[in-house]
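Everything on this sheet refers to the single structure shown next.
The values are calculated or read from the model by the stated rules, or taken from the named source; none is laboratory data. Quantities reported herein were computed from a predicted structural model and do not represent experimental measurements. For neighbour counting, all protein chains shown are included, and Cβ atoms are generated from backbone atoms with ideal geometry for every residue, glycine included. Areas reflect the complete protein model, heavy atoms only, side chains present, ligands, DNA and RNA absent. Shrake-Rupley method; radii C 1.70, N 1.55, O 1.52, S 1.80 Å.
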Amino acid sequence: MITSLAAQRPPADLPGLDPSWSRLITSADSTGAERTWHMLDSFADRTDTPRVTLLCVHGNPTWSYLWREVLSSAPDDVRVIAVDQLDMGFSERTGVRRTLGDRVEDLDRLTHSLGLTGPVITVAHDWGGPVSMGWVLRNRDLVIGSALMNTALAQPTDDRPPVLISMARLGPLRSLVTERTPIFTTSPSVLAGSKVTADERAAYSAPYATAERRRAVEQFVADIPLEGDHPSGPVLDAIAEGVRTLNTPVLLLWGADDPVFSDRYLRDLEGRLPHAQVHRYDGAGHLTIEEADGIVDDLMLWVDDVAGGNAMVVDDAPVVDASRESLLGPFSLRDNDVPPGTAIVEPDGSGWRRVSWRQLDRVVCQLSSALQAEGVRAGDRVAVLVRPSAELVGLAYALWSLGASIVVVDHTLGVRGMGRALRSADPAYVVTIPRGRVPLKMGRVRARVIAWGDLKKRAKQADCSGWNGAATPDPGAEALVAFTSGATGPAKGVVYTYDRIARTRDLLRDHYDLGSADGLIAAFPPWMLLGPALGLPSILPRMDLGDPGSLTAVALAEAAGELPGTVLWASPAALRGVLSTAESLTSSDRAALSSIRLALGAGAPISRDLLSRLMSLLPRASVRTPYGMTEVLPVAEADATEILTAGRGDGVLVGTPLPGVQVMISAVDHVGNAVGEPTSEKGVLGEVLISATHGKSHYDRRWATERRASRTPGFHRTGDLGHLDSQGRLWIEGRLAHVITTANGPIGPVGIEEAVQELPFVRQAAAVGVGPVGDQQVVVIITSDVLPSGLASLEVIDAVRAVAGIPVAAVLVRRDLPVDIRHRSKIDRTALAAEADRRLRGQG
């Protein structure tokens, strides 16, 4: 029986692996015997001193090949050492069964043999995590940071081990799947899906071609201490508790769809390492580094921060203003109205239901009591899956009165998107209607579920005789996790504190001169939540909440007359719905609409034609288009008259920055990267940067996204493309990701689209770039009620070229354009560009 096999170098033709990295190093193992390791070393033939060394440790059943892109991407002054653990990869097969403690000792002796000196950053995956962290605890004087990818340091006590691991450890089955056959050794690359090529899968399996070479794979699985008396249990426990004492930076890079190390293990690590920075990658599984787009770039960004001593900075939040009126302050004051005034009006069958401030206050008291009985406390995240209604507003303020944080997941994300968002936010509780259980199940959300119907029943039993109004929460505490629309990528969680929401409220109140005589028509339902914070009554018009375009002119007039409503907040899709049905208005309907003094259209650019028609429909209203985003709103605004008189320019005029807001531009280069220093110079095309104290605190569990968005100190980089004019007004020209990089320089798509949409046969237009970056051709895609789908005729192409003002290579006609669900306005130009490229190549 073979008991040992010599170490060797891997084949020279493995994809992505530079043979010059390979080294064979002899070092004593945990028993004192001399063993030969195989390792990859980016400084294999160098004698200079690196700025920092990355010590990379693989898990089971991978090998140092896992880290090949880290080696190839590392800066010249960063050394990367990726070891093959003994009996794994191409290191020596020793014939010795190794425990976790042995592997920590093995690695420690190897690094001493290498003469490794600091600073060191450890990087580990899978069961390389415990081994690397065990090494870290022994070498604190060398270590300046640790990065972990989908690993575990402990089995959560409230849950069962992963099914795949449990099955692999079953008696005879363990030997069959891990040693006698290659089932286990091929599983990681198979689980990684299409992002790992067939050649790369073969490379992962290369060191494990025979049963003799797979023996340690079986031993690794057997060494997982799931039983209470397992010999490696005390060692793992010591590591798991020891990491609590670390004060060096930690980065957790997590594949969100890992069937082995799920989010429960991430949650455990966050509890042990509360200072850790976290980035979850939607769609990535167990082999995180192979599946998560941009993960190596993210790692290197963090490494550079750590090496520069900047990694612990998370949020450059403004100082909390303790004297600012509480988020719940105006609501509490209106409770004392005599006689009791109306807080909320909502549809009730063919009639209306009116809720007074006093009734709303009682609902808040009752629900607060019921939530406390369920265990909800200050600081808890509570997801709310309840339809917009007065009761939802009461639930939100009940949670805020307890100091909890509300997780808001928009149904427009779709069932799967809602599930992903909820799992990302990781709430402690979910209050839901029955239909809300579907995204919970699909998202595998592990939270305590509170049935909305049961909570209301419990609330009715609450004694509110001693209620003195909602308490004042800590202004610096987390209050809200809202999600972006997902129109330009996966929906991102955006965190707001109580203070930041209060700053948003104060800006809206002061800038729009909102007072007790006003009433809010919430045609974008989430804004109902701000009504009580502003001390304003609000009404939810009759509409399909899943379709903003379902709002009709008659329904708007009915809502305006019922409240009465003076302030309208609506999306462009809702406004289009109103204008398309305006012919149905009666004289009394138009009279009701005359109560609206302020109409705010937000969420996406609004066409000049739509603004003109809206001004005619609401002649007494100041029609404005506040610009902003989930991360910060409002930022700037222009009124309709200003937009119409400004004429057509390059993009859409969104106006002058609001008080306290600063807007700068970072110029884009010839390949579309925003690399310019922030400037307010007129006419510079680039990424829009915003400085405002009422913006988000940070992105939730998306460290790299937050790091890049805030890389300009004091500013949020929006990803929007635009320029400032001579009056300091902001024009939006699209998204940075959609910039068209022609040979003559970068171009924003929106200016082209605005011009083309003025053609009588065009309903909607999108401009995209096709071809090599830096030498792209402009293609325009239009929708039309009179033209057939496909490649446009020469007559149509000539008409488009005449108004576009720039060379247009081709015009395509579609039935409609792909847009986001939330606003029905944000065009997916990336998808259109790919389609245009295929069509023009004759492939579709």
- Message: Quick check on my filter: what residues within the range 756-770 are touching a residue at least 40 places away in the same chain (Cβ under 8 Å) and either open to solvent by 40 Å² or more (accessible area, probe 1.4 Å) or not in a strand (DSSP E or B) (or both)?
- Response: Val756, Gln757, Glu758, Leu759, Gln764
- Message: For the range 558-582, give me the residue count where each residue is open to solvent by less than 30 Å² (accessible area, probe 1.4 Å), of a type outside the set (Phe, Trp, Tyr) and either farther than 17 Å from Glu346 by Cβ or not in a helix (DSSP H, G or I) (or both).
- Response: 14
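In the range 583-611, which residues are open to solvent by 50 Å² or more (accessible area, probe 1.4 Å) and in a helix (DSSP H, G or I)?
Passing the criteria: Glu583, Ser584, Ser587, Ser588, Arg590, Ala591, Arg608, Asp609.
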- Note on the structure: Exactly one of Asp45, Asp77, Asp29 is of a type in the set (Asp, Glu) and open to solvent by less than 10 Å² (accessible area, probe 1.4 Å), and that one is Asp29
- Task: Please go through the range 422-462 and pick out each residue that is open to solvent by 40 Å² or more (accessible area, probe 1.4 Å) and of a type in the set (Lys, Arg).
- Result: Arg435, Arg437, Lys441, Arg444, Arg446, Arg448, Lys456, Lys457, Arg458, Lys460
- Go through Leu551, Leu536 for me and flag whichever is buried (at least 22 other Cβ atoms within 10 Å of the Cβ) and either of a type outside the set (A, V, I, L, M, F, W, C) or closer than 21 Å to Ala396 by Cβ (or both). Leu536
- Top-ranked residue of the range 90-130 - restricted to ones that are polar (S, T, N, Q) and over 14 Å from Trp63 (Cα atoms), ranked as most open to solvent (accessible area, probe 1.4 Å): Thr117
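Would you call Arg701 under 30 Å from Val481 (Cβ atoms), under 28 Å from the mean Cα position of the chain (by Cα) and free of Cβ contacts under 8 Å to residues at least 40 places away in the same chain?
no
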- Go through the residues of the range 745-755 one by one and say whether even a single one is open to solvent by 40 Å² or more (accessible area, probe 1.4 Å) and over 20 Å from Val671 (Cβ atoms). no
- Query: Which residues, taken from the range 249-264, are within 16 Å of Ser146 (Cβ to Cβ) and either at pLDDT below 95 or of a type outside the set (A, V, I, L, M, F, W, C) (or both)?
  - Reply: Pro249
- Message: Which numbered condition in (1) over 26 Å from the mean Cα position of the chain (by Cα); (2) not in a loop (DSSP other than H, G, I, E, B) is the only one that Arg542 fails?
- Response: (2)
- Output for the range 22-52, where each listed residue is touching a helix residue (DSSP H, G or I) at 6+ places or on another chain (Cβ under 6 Å), part of a loop (DSSP other than H, G, I, E, B) and either without any contact (Cβ under 8 Å) to a residue 12 or more places away in the chain or among the polar types (S, T, N, Q) (or both): Ser30, Ser42
- The residue from Val786, Val780, Val803 that alone is of a type in the set (A, V, I, L, M), out of contact with any helix residue (DSSP H, G or I) (no Cβ under 7 Å at 6 or more places or on another chain) and closer than 26 Å to Arg576 by Cα is Val786
- With Pro11, Pro19, Pro15 as the choices, which residue is more than 36 Å from the chain's Cα centre (by Cα), open to solvent by 40 Å² or more (accessible area, probe 1.4 Å) and touching a residue at least 60 places away in the same chain (Cβ under 8 Å)? Pro11
- Name the residue, out of Ala383, Ala378, Ala370, Ala390, that is in contact with a Gly (Cβ under 7 Å, 6 or more places away or on another chain) and under 26 Å from Met418 (Cα atoms). Ala378
- Of Arg735, Arg717, Arg707, which residue is open to solvent by 10 Å² or more (accessible area, probe 1.4 Å), within 26 Å of the chain's Cα centre (by Cα) and modelled with pLDDT under 95? Arg735
- Task: Being within 30 Å of Leu385 (Cβ to Cβ) and free of Cβ contacts under 8 Å to residues at least 60 places away in the same chain narrows it down to one of Leu579, Leu551, so name that one.
- Result: Leu551
- Query: Taking Thr679 and the conditions (1) modelled with pLDDT of 95 or more; (2) buried (at least 18 other Cβ atoms within 10 Å of the Cβ), which numbered condition does it fall short on, given that it satisfies the others?
  - Reply: (2)
- Task: Pull up the range 826-844, narrow it to residues that are free of Cβ contacts under 8 Å to residues at least 24 places away in the same chain and either outside any helix (DSSP H, G or I) or basic (Lys, Arg) (or both), then point me to the one that is surrounded by the most Cβ atoms within 10 Å (Cβ to Cβ).
- Result: Arg838
- So is Val235 modelled with pLDDT of 95 or more, in a helix (DSSP H, G or I) and open to solvent by less than 10 Å² (accessible area, probe 1.4 Å) or not? no
- Out of curiosity, is Phe524 farther than 27 Å from Arg590 by Cα and touching a strand residue (DSSP E or B) at 6+ places or on another chain (Cβ under 6 Å)? no
- Message: Testing Asn60 on (1) open to solvent by 10 Å² or more (accessible area, probe 1.4 Å); (2) within 31 Å of the chain's Cα centre (by Cα); (3) within 20 Å of Asp297 (Cα to Cα); (4) not aromatic (Phe, Trp, Tyr), one condition comes back false. Which one is that?
- Response: (3)
- Item | Among the candidates Arg624, Arg620, Arg608, residue that is over 26 Å from Asp510 (Cα atoms) and either basic (Lys, Arg) or modelled with pLDDT of 95 or more (or both) | Arg608
- Item | Subset of the range 138-174 [at pLDDT 90 or above and either surrounded by fewer than 20 Cβ atoms within 10 Å (Cβ to Cβ) or assigned to a loop (DSSP other than H, G, I, E, B) (or both)] | Arg138, Asn139, Arg140, Asp141, Leu142, Ile144, Asn150, Thr151, Ala152, Leu153, Ala154
- Out of the residues in the range 175-194 that are open to solvent by less than 30 Å² (accessible area, probe 1.4 Å), modelled with pLDDT under 80 and part of a helix (DSSP H, G or I), which is nearest to Leu269 (Cα to Cα)? Pro188
